[in-house]
Amino acid sequence: MTEESVRFDFDAAAAYTKAADEAAGLLRTAAGQATTVAGIDLSGLGALGREFAAAWNTAWSAHAGTLGTAGVLTDGYGQAITTWGRVLGQVDRDSAGQITAAGDGTDPSRVEV
């Protein structure tokens with residue numbers, strides 16, 4: 001027989017969500033900086049540099065988009081872990097309350113024959 005259970009490590013989850021929050025912030029900052037780089041004025045490159053300038057802008061814009069998406073996903077995953085911990089914590093509290101309310105099983109008014 002296999003016993004299955006859910007074990008949620010609240011301390012590890014708190015450490016992860018703190019790190020995820022910091023990482024998401026760094027990714028948002030990097031995305032903003034990549035957007036700034038994409039907008040650098042390359043008009044001085046002239047006709048020969050127009051194609052390069054367009055490729056530059058496209059590449060840095062895509063990079064900014066990727067970093068932005070990574071930030072959103074990292075933040076979302078941290079929020080999901082936080083929510084999951086709250087749900088499991090509430091289930092534990094509810095279960096403990098029901099067990100406490102059930103007593104020790106020696107209710108003298110319920111004598112079985």
Subset of the stretch 1-30 (residues that are surrounded by 12 or more Cβ atoms within 10 Å (Cβ to Cβ) and not hydrophobic (A, V, I, L, M, F, W, C))
TYR16, THR17, ASP21, GLU22, GLY25, ARG28, THR29
Hey, can you tell me all the residues within the stretch 67-106 that are surrounded by 11 or more Cβ atoms within 10 Å (Cβ to Cβ), of a type in the set (Ser, Thr, Tyr) and either touching a helix residue (DSSP H, G or I) at 6+ places or on another chain (Cβ under 8 Å) or under 20 Å from ALA12 (Cβ atoms) (or both)?
THR74, TYR77, THR82
For ALA34, indicate whether it is assigned to a helix (DSSP H, G or I), farther than 30 Å from ARG86 by Cβ, modelled with pLDDT of 95 or more and in contact with a helix residue (DSSP H, G or I) (Cβ under 6 Å, 6 or more places away or on another chain).
yes
For LEU45, indicate whether it is over 30 Å from ASP92 (Cα atoms) and within 16 Å of the chain's Cα centre (by Cα).
no
Just checking, does the stretch 3-12 include any residue being at pLDDT below 95 and among the aliphatic types (A, V, I, L, M)?
yes
Quick check on the stretch 45-54: of everything there that is modelled with pLDDT of 90 or more and of a type outside the set (A, V, I, L, M, F, W, C), which residue is least open to solvent (accessible area, probe 1.4 Å)?
GLY49
Yes or no: THR17 closer than 18 Å to GLN79 by Cβ and among the polar types (S, T, N, Q)?
yes
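The values are calculated or read from the model by the stated rules, or taken from the named source; none is laboratory data. This one's a predicted model, so the numbers in the text were calculated from it and none came from an experiment. Because the Cβ atoms are built from the backbone with ideal geometry, glycine has one as well, and the counts that use them run over all protein chains shown. The area values use the complete protein model at the heavy-atom level, side chains included, leaving out ligands, DNA and RNA. Shrake-Rupley method; radii C 1.70, N 1.55, O 1.52, S 1.80 Å.
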